[in-house]
Amino acid sequence: MAMGTGAPGCDGLGARCGAFMQSAEQVHLWDLMGWSWVGVVSGDDAYGISGVQLLLKELEGSDVCIDYLEVIPKSHTLSKIRRIIERIQSSKARVVVTFAISPDMEVLLREVVKQNVTDRQWIATEAWSTSSHYSSWSGISLAGTLGFALRQVDIQGLGFYLTQLSPGGQQMQPLTQTVWEEMFGCKFVVESQTNPLSGPQCTGLEKMESQGELYFDVIYNVYKAVYAIANAIHDMLICQPGKGPFKNGECPDIKLIRPKQVRKNYMKKLSVKILFLLYFDENGDLMEISPSALQVPVSVCSESCPPGTRKAVQKGKPVCCYDCIPCATGEISNATDSTECNKCPERFWSSTDRTVCVPIQVEFLSFRDNMGIVLSVLSVAGATLTGTILAAFFHHRDTPLVRANNSELSFLLLISLELCFLCALPFIGRPVPWSCMLRHTLFGISFVVCLACVLSKTVVVLVAFRATLPGSNVMRYFGPFQQKAGIFLCTLVQVVVCVLWLVLAPPVPTESAGGELGARVVLLCAVGSVAGFTLVLGYISLLAGVCFIMAFLARKLPENFNEAKFITFSMLIFCAVWIAFVPAYVSSPGKYTVAVEVFAILASSYGLLLCIFAPKCYIILLRPEKNLKKNMMAK
């Protein structure tokens, strides 16, 4: 990659000039290639030191980090060279940037070839990038090397001047002495020097022809920079008032030329032909060649963080080394390498991959859900079946079987069971204030009426047979009026509890998180008053327990009148359902808690209906010959 570069501010022998030009271009190249993790190898001289210093300055505020910085010693000790190569091979940085002159690089690269290091992308500076010396022995180790090179132009007289350069009587001139020492890697002895030399001593007989070409490019770069600045200053001097680059077309003060004015206001417009064209951008910087045609290797400390994650710098490491942390629930990132996750707005939640915010899903036990449809069908079917049995009983109300089982209590029990089946419907559908209040109160009162009727029937049967004993007059306390009064009082207690519950702290619609926290909202009915809810269920449980005990005591009554046996069985089913309901209700998530409650209501209602009335319906509808008074009184 050839870079025709030039810039003001070059000093010394061109070392700082070459480094200055290439440092900015190096960083720009890395950015284009996507390299954020590189290693640097430099020479132990002015060229390497100044190059690294300027490179580090260019990296300030960039997204590029340096993994290691190794210096090639002038002594070229093999152990130190091998240590540098070990560091290169152990690093995750596949890109190796060099700031060293050709003799130093040759020592390093020969050992690289010897150890067959082939998985590194070398970036060469102009000091060795265009040299044909390496092609004869580098093999595949340096294949694909990218190099910065200064365009070579023959400056008339420059080569002859350099080859004639000799320390001789000019030894005390600092410029000539420094050039000589850097070219040949030696040191001149100074009369006042007392410390031993750190390298070989310069004799002054070294041949410039063998090394001079190493500095042709650097000197030519200075040549271009001088011409570029000269032309910019020339434009300043010939500036016409009204056509200047400043406000209102003013021209600069040529008595005090400022470098910033030259760079920002004139060099950016400059196209100077210095044996070839130089083009400067709007900031006065030289434009560069695009590397888009290259096959780019990957050199990063950490892979890019995909959308849905954020970067978290690894402790004790540069900013280029980071972990990709998934965004928390309710937060997203929709770009690669995001440094933070953004919280979703209200009523929105993060998608599964944390890349977009989606509306929160609202769930409730709906009439359109499969489970809602099944429960609705069971509810309506139960109510229809109860209504059919009620009609059959009313049609056969004068038969011995119906009259023997207290027809009025049977009708009231069937009506209450009808309500028990229908009270399941308010539990299905979107919760609203009226449905929340209706579902629990209707359920509580319907079941109390039902259990009160069962209890009354059981007590009457039990007392009726006790009353047949000589001298017993108990039945006068359990006549029709007393039975109705008992049912009324039992129901009144539950009504009072429900009224107080609705007045003081009624059930209301509420939201709760379902599934992944916050991703879904489940609409439920909050009970409002836990005490009210507990009293309603507790009172139902109390009546169910008393019914079971009374029916159990009456289980050995004569066969034809043994309705208590069926009541006992129905109470067993009732109690089993509601005992199992508690753990199932607590462990069920979201809308399934409502489904569990509806199922318990329907199961217990079906248990009461079928256990108590199925045997009677069998006789009434299928075996009418048994529905005779003599059969009822046989035993």
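The values are calculated or read from the model by the stated rules, or taken from the named source; none is laboratory data. Predicted, not measured: the structure shown is a model, and the values here were computed from it. Backbone-built Cβ (ideal geometry, glycine too); neighbour counts: all protein chains shown. These area figures cover heavy atoms from the full protein model, side chains too; ligands, DNA and RNA do not enter into them. Shrake-Rupley method; radii C 1.70, N 1.55, O 1.52, S 1.80 Å.
Going by average Cβ density within 10 Å per residue, which order do the peptides 310-322, 448-460 take, highest to lowest?
Ranking the peptides 310-322, 448-460 by packing returns 448-460, 310-322.
Could you sort the peptides 135-145, 84-94 by per-residue average Cβ neighbour count (10 Å cutoff), highest mean leading?
84-94, 135-145
FRET efficiency for residue 86 and residue 135, Cβ-Cβ distance as r, R0 = 25 Å, nearest 0.05?
E(calc), rounded to 0.05, equals 0.45.
Give, in nm to one decimal, the length gained when the segment between residue 552 and residue 340 is fully stretched (0.36 nm per residue of separation minus the Cα-Cα distance).
Contour length minus Cα-Cα distance gives 69.4 nm.
State, to one decimal in nm, how far the label point of residue 187 lies from the label point of residue 499, with both points 7 Å from Cα in the Cβ direction.
For the pair residue 187/residue 499, the computed spacing is 11.1 nm.
Quickly work out the residue 585-to-residue 492 label distance, labels modelled 7 Å from Cα along the C-beta direction, and quote it in nm with one decimal.
With each label placed 7 Å out from Cα toward Cβ, I get 2.8 nm.
Ignoring ligands, DNA and RNA, how do 31, 44 rank by accessible area with a 1.4 Å probe, largest first?
Ranked list, largest accessible area first: 31, 44.
Which order do 301, 357 take when ranked by solvent-accessible area (1.4 Å probe, heavy atoms of all protein chains), largest first?
Result of the area sort, largest leading: 357, 301.
List the pairs from 74/114; 74/224; 74/317; 457/616; 92/311; 57/260 whose alpha-carbon separation is above 22 Å, in the order I gave them.
Distance filter (> 22 Å) returns 74/224; 74/317.
At a Förster distance of 30 Å, what's the computed FRET efficiency of residue 618 paired with residue 432, Cβ-Cβ distance as r, to 0.05?
0.10
So if each residue of separation counts as 0.36 nm, and I subtract the Cα-Cα distance between residue 156 and residue 355, what length gain in nm does that give?
65.3 nm
With all protein chains present and a 1.4 Å probe, how do 148, 569, 411 order by accessible area, largest first?
Output order, biggest surface exposure first: 569, 411, 148.
If you count, for each residue, the other Cβ atoms within 10 Å and average over each peptide, how do 433-443, 325-335 line up from highest to lowest?
433-443, 325-335
Let me cross-check residue 587: its accessible surface, 1.4 Å probe, with only protein heavy atoms counted, in Å² to the nearest 10?
90 Å²
Once both labels are modelled 7 Å past Cα along the beta-carbon direction, what's the residue 403-residue 377 spacing in nm?
Here the modelled spin labels are 4.3 nm apart.
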